[in-house]
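Below is one structure; the comments refer to it alone.
The values are calculated or read from the model by the stated rules, or taken from the named source; none is laboratory data. For clarity, every value in this text was computed on a predicted model and none was experimentally measured. Backbone-built Cβ (ideal geometry, glycine too); neighbour counts: all protein chains shown. These area figures cover heavy atoms from the full protein model, side chains too; ligands, DNA and RNA do not enter into them. Shrake-Rupley method; radii C 1.70, N 1.55, O 1.52, S 1.80 Å.
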Amino acid sequence: MPATNGKKQKKSRDTAVQGTNDSSVVSKVSAAAQGYFKDDFLQHFVCKVARRAPLINRGYYVRWRAVDHCVRKFLQITEKCPKRQILSLGAGFDSLYFRLHADGALNRAVVFEVDFPNVSRRKAALISSNITLRGMLDSQSPSLTGPVYVSSSQYRLLGVDVREESKVEEALDAAEMDWTAPTLLLSEVVLTYMETQWSDAVISWAAKLLPQSLFVMYEQIHPRDPFGRIMQEHFLKLSSTLHALRQYPDASAQRRRFLDKGWDECVFLDMNDFFFGLVPEEERCRMESLEPFDEYEEWHQKCSHYFILTASRSSLMAQALLPQAPESPAPSVGPSWSTTTLSVHTVPVCVEGLGMASLSVRPEWVLLTGGSSREGRGAATRVLLRGQEGWRSVSVEPSAELGVRLYHTVTSVAGGGAVVYGGRSSPLNPIRSLFKVTFDPCGPPGALELEGQDAAKLCVEEMICTGNPPPPRWRHSATITSHRGREFVFVFGGKNQSEAVLGDSYFLSVDQQHWTEISVEGAAPEARHSHSACSYQGGVVVFGGLSRAGVPLGDTVVLRPTERGFCWERLDVQPPPVPRYSHCAHVSGEKLVVVGGVWLHSEGVPGVAVINITTCSSVEFKLDTTSVPWPLMLHSFCSEVTDSEDPELLLIGGGGNCFSFGTHWNPQAVTVDLKLVRG
């Protein structure tokens with residue numbers, strides 16, 4: 001009985017893995033239909049074209065681009081060889097043969113595809129019933145027997161379990177594979193679904209049987225950080241465990257794996273390295289212009305959790321290896337990492353939200369506006385109130401007047417009010433209205449501390465401003481500055497539906513409701529969005545953000561007041577902090593405390609950076625998150641300093657749409673103890 005149950009479980013798991021093929025091909029068709037890459041044949045392998053989200057289209061674009069790069073490089077290196085072969089393991093409904101054949105790229109080449117018999121049988125039926133696909137085959141090759149379901153002079157489709165080495169070798173022999181010819185082995189998210197004993201065996205026998213070969217593998221990596229945790233849970237729900245992640249969780253482990261299994265050389269690139277290193281800038285710009293997009297954090301995290309790997313056997317195949325990745329910016333710049341970790345604790349109040357804006361009215365009172373949650377894009381405004389029994393959330397009246405908006409700003413102004421500026425409802429719909437919010441004098445913050453008070457009251461007034469207003473934007477900063485005794489809201493950077501990044505700046509006089517021109521000297525910092533800006537000595541200190549090139553920045557720039565206006569000054573911070581964007585920051589005395597954010601590499605997920613503005617020095621602190629709900633994603637969140645005497649950071653909301661794995665919302669607010677960074 002146990003043996004029978006084991007066979008049933010194995011069959012069930014195999015069926016689940018086969019199901020990933022159907023989902024994958026639909027996503028590839030979506031990306032091709034939106035113009036991310038050209039493939040006229042994928043559509044013949046699906047019943048109906050379905051449009052995926054832009055983030056998923058981008059993910060499949062970079063996958064397609066990486067694999068195509070490796071295949072073309074192999075074909076280029078072997079162009080003069082009398083015979084060359086491509087062996088695609090777990091090929092599913094991939095259209096590689098048909099695309100290469102249409103391009104005339106298969107001169108003296110044969111493509112072999114191996115997959116489960118059920119998958120190959122379905123693919124063979126689709127090919128035989130489709131006039132376009134069937135017309136790209138010929139009958140020059142003799143009719144082959146056994147598990148060879150399609151046989152053409154340049155294409156052989158086999159139905160056999162890749163884990164069964166002897167059967168695979170026998171089937172390839174039957175399909176007339178030449179074991180001595182230069183061969184590219186292709187594995188796109190295939191081996192990771194096998195127990196590592198089986199995937200290791202595949203890597204070993206390929207090195208042994210194919211002395212002139214290039215192994216190309218595209219898979220997941222980094223299972224232990226927040227995004228990796230969500231990724232693993234997704235595949236577990238699909239009964240498609242990512243086995244390789246346990247034993248081979250990072251680049252060095254994957255390289256050792258291939259070198260230990262008989263391969264001569266091995267080069268590994270995560271997809272951020274590939275995208276920025278091997279996709280030309282012009283092509284990156286073309287891709288980025290195809291669809292409205294505003295999920296940069298999730299895009300970079302997705303790319304840091306997938307990799308393309310090439311391993312070679314023979315000196316000829318070594319020429320087809322990927323180039324070595326440039327030294328990772330994080331270790332090369334040498335940030336200073338403290339041996340001290342900062343404690344993170346849960347606040348027992350449930351507040352979900354991405355792209356909210358917050359304002360600390362006072363240490364015990366935090367206003368939250370906008371954002372989105374699992375209920376959708378909300379217009380609700382809330383208050384977090386700390387009383388004797390801890391934090392609690394109360395509603396705000398009225399709330400709808402502020403409208404639906406994400407990635408906006410709420411800036412405290414003199415007199416106890418605030419200015420709500422910018423944001424978007426979607427990547428095509430920036431918010432143009434500008435509001436001033438004041439608290440009802442009949443219901444001051446302190447009144448809420450009384451038992452039975454469950455709502456705060458706000459006075460919301462739309463501001464009709466004169467002067468030359470800035471173009472609409474989101475992911476910008478809006479900070480209080482002082483000029484000649486007057487207070488101005490300084491708006492800098494951001495993006496909108498027509499500009500991927502903005503570098504302009506504007507001053508708003510709140511009391512006069514007028515956009516005012518003030519002289520700003522010095523070299524302006526480069527355009528950016530998702531940066532931080534904090535009031536500092538009448539001016540502003542700006543840190544980080546995402547550049548026009550799509551790369552996180554790590555610079556610190558101060559806008560200092562002068563007699564005539566303001567002047568930009570770049571600080572040479574040494575050692576440089578880890579570049580990041582979508583973070584939060586606060587000034588405490590002469591220190592800029594930066595928390596969270598996104599960096600291109602999973603190993604460098606930011607915690608807290610403390611930058612001394614006076615000495616131009618910095619130190620990085622890791623966060624101890626063992627006592628809070630995991631995973632904790634620190635981007636698209638809000639942060640406020642809640643106590644000046646015993647300082648701590650209150651982190652609210654955050655999370656993200658984790659590629660095709662679902663959206664994660666941090667379920668509760670948390671605090672970070674700052675006592676250790678005060679010295």
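Are any of the pairs K123/K237; K38/K123; K457/K591; K237/K675 more than 30 Å apart by Cα-Cα distance, and if so, which?
K457/K591; K237/K675
Name the GluC sites (Glu not before Pro) in the range 349-439 that are in a loop by DSSP and that have at most 14 other C-beta atoms within 10 Å, would you?
Those satisfying the criteria are E375, E389.
Which aspartates and glutamates, on any chain, are close to K261 with Cα under 13 Å apart, when same-chain ones fewer than 8 places away are left out?
Cα-Cα hits under 13 Å: D200.
When DSSP assigns beta bridges and you keep just the ones with both residues in the chain, what percent turn out antiparallel, to the nearest 5?
Rounded to the nearest five, the antiparallel share is 75 percent.
If one computes the Cα centroid of the range 121-138 and of the range 632-646, what distance in Å separates the two points?
Between the Cα centres of the range 121-138 and the range 632-646 lies a distance of 58 Å.
Would you mind getting the accessible area per residue of the chain, heavy atoms of the protein chains only, 1.4 Å probe, in Å²?
Using a 1.4 Å probe on heavy atoms only, each residue of the chain averages 40 Å².
Out of all DSSP beta bridges in the range 546-623, what portion is antiparallel? Express it as a percent rounded to 5.
DSSP beta bridges in the range 546-623 are roughly 100 percent antiparallel.
Which whole-number percent is the relative contact order of the chain (Cα, under 8 Å, 6+ apart)?
Once normalised by length, the contact order is 11 percent.
With θ set to phi - 60° and the Karplus curve 6.51 cos²θ - 1.76 cosθ + 1.60, what are the ³J(HN,Hα) couplings of the range 468-480 in order, to the nearest whole Hz, using x for Gly and Pro?
Karplus values, whole Hz, x for Gly and Pro: 9, x, x, x, x, 6, 9, 6, 9, 10, 9, 10, 6.
Treating the angle as unsigned and between 0 and 90°, give the value, to the nearest 10°, between the Cα long axis of helix 117-129 and the longest Cα principal axis of the chain.
Here the helix axis deviates by roughly 80 degrees.
Kindly report, to the nearest 10 Å², the accessible surface of H635 as traced by a 1.4 Å probe over protein heavy atoms only.
Around 10 Å² of this residue is reachable by solvent.
Projected onto the charge dipole of the chain (+1 at Lys/Arg Cβ, -1 at Asp/Glu Cβ, origin at the Cα centre), which of I203, V587, P667 gives the Cα projection farthest towards the positive end?
I203
Quick one: net charge of T183's neighbours, Cβ under 11 Å, K/R +1, D/E -1?
That works out to +2.
Quick check on my link table: of K28/K302; K48/K73; K73/K302, which ones sit more than 27 Å apart, alpha carbon to alpha carbon?
Checking Cα-Cα distances, K48/K73 exceed 27 Å.
With no solvent and one equal point scatterer per Cα, compute the Debye intensity ratio I(q)/I(0) for the range 583-676 at 0.24 Å⁻¹ and report its log10, rounded to two decimals.
So the normalised log intensities are -1.40.
For every helix of n ≥ 4 consecutive DSSP H residues, a contribution of -39,500 (n - 2.57) applies; sum these over the chain, divide by its total residues, and give [θ] at 222 nm rounded to the nearest 500 deg cm²/dmol.
-7500 deg cm²/dmol
Let me know the charge dipole size of the chain about its Cα centre in debye, to the nearest 20, where only the beta-carbon of Lys, Arg (+1) and Asp, Glu (-1) is charged.
Here the size comes out at about 1660 debye.
Hey, what angle do you get for helix 196-209 against the long axis of the chain, alpha-carbon based, 0 to 90 degrees rounded to 10?
Helix 196-209 sits at roughly 50 degrees to that axis.
Read phi for every residue in the range 417-428 and hand back ³J(HN,Hα) as whole Hz from Karplus 6.51 cos²θ - 1.76 cosθ + 1.60, θ = phi - 60°, with x for Gly and Pro.
Once θ is set to phi - 60°, the couplings for the range 417-428 become x, 8, 10, 9, 9, x, x, 8, 9, 8, x, 10 Hz.
Got a number for carbon plus sulfur as a percent of the chain's accessible area, 1.4 Å probe?
Carbon and sulfur together cover 50 percent of it.
Based only on Cα atoms, what mean projected area does the convex hull of the chain have, in nm²?
Dividing the Cα hull surface by four gives the mean projection, 33.6 nm².
With viscosity set to 0.692 mPa s at 37 °C, what whole-number translational diffusion coefficient in µm²/s follows for the range 59-138 from Stokes-Einstein and a Kirkwood radius over Cα pairs?
Stokes-Einstein gives a translational diffusion coefficient of 238 µm²/s.
Gap in Å between the Cα centre of the range 291-315 and the Cα centre of the range 151-216?
Rounded to whole Å, the Cα centres lie 24 Å apart.
Starting from the range 214-246, pick out the trypsin sites (Lys or Arg not before Pro) whose DSSP state is loop and whose Cβ has at most 14 other Cβ atoms within 10 Å.
R224
If Lys and Arg each add +1 and Asp and Glu each add -1, what is the summed charge of the other residues whose beta carbon sits under 15 Å from the beta carbon of S129?
Once positives and negatives cancel, what remains is +4.
Quick one: angle between helix 165-174 and the longest Cα principal axis of the chain, in degrees between 0 and 90, rounded to 10, please.
60 degrees
Largest first, what is the accessible-area ranking of K38, K80, K495, K436 with a 1.4 Å probe?
These residues rank, largest area first, as K80, K38, K436, K495.
Taking the Cα centre as origin and putting +1 on Lys and Arg beta-carbons and -1 on Asp and Glu beta-carbons, what dipole magnitude results for the range 539-673, to the nearest 20 debye?
Value, rounded to 20: 600 debye.
What ranking of T180, T341 comes out by heavy-atom accessible area, probe 1.4 Å, highest first?
The ordering from most to least exposed comes out as T180, T341.
DSSP loop (so not H, G, I, E, B), at most 14 other Cβ within 10 Å: list which trypsin sites (Lys or Arg not before Pro) in the range 557-594 pass both filters.
Sparse-neighbourhood loop trypsin sites (Lys or Arg not before Pro): R564.
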